[in-house]
Amino acid sequence: MIGLAGQPRTWLCTEPTDLRKSFRGLGALIRNQLKQDPLCGQYFVFVNRRKTQMKMLYFTAKGYRL
């Protein structure tokens, strides 16, 4: 987890993730593996098996952003 004072925290999932998942699939990973609420306004970063790609999920007042 990376965070600065006054800014939302950034969580990095270090286990390989299937980046074909949508916000629903990634949200389920956040709830089940990280034990966090995906609607909390924090940033969640996922990486693929080879660690060559990343996907970030966060929630705003207008909905999920990938």
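The values are calculated or read from the model by the stated rules, or taken from the named source; none is laboratory data. Just so we're clear, the structure is a prediction, and the values are computed from it rather than from any experiment. Every residue, glycine among them, receives a Cβ derived from its backbone with ideal geometry; neighbour counts consider all protein chains shown. Side chains are part of the model used for accessible areas, which takes the heavy atoms of the whole protein and leaves out ligands, DNA and RNA. Shrake-Rupley method; radii C 1.70, N 1.55, O 1.52, S 1.80 Å.
Structural remarks
- Subset of the stretch 15-40 [open to solvent by 40 Å² or more (accessible area, probe 1.4 Å) and among the aliphatic types (A, V, I, L, M)]: LEU34, LEU39
- Test: residue in the stretch 41-63 that is open to solvent by 80 Å² or more (accessible area, probe 1.4 Å) and touching a residue at least 40 places away in the same chain (Cβ under 8 Å): no
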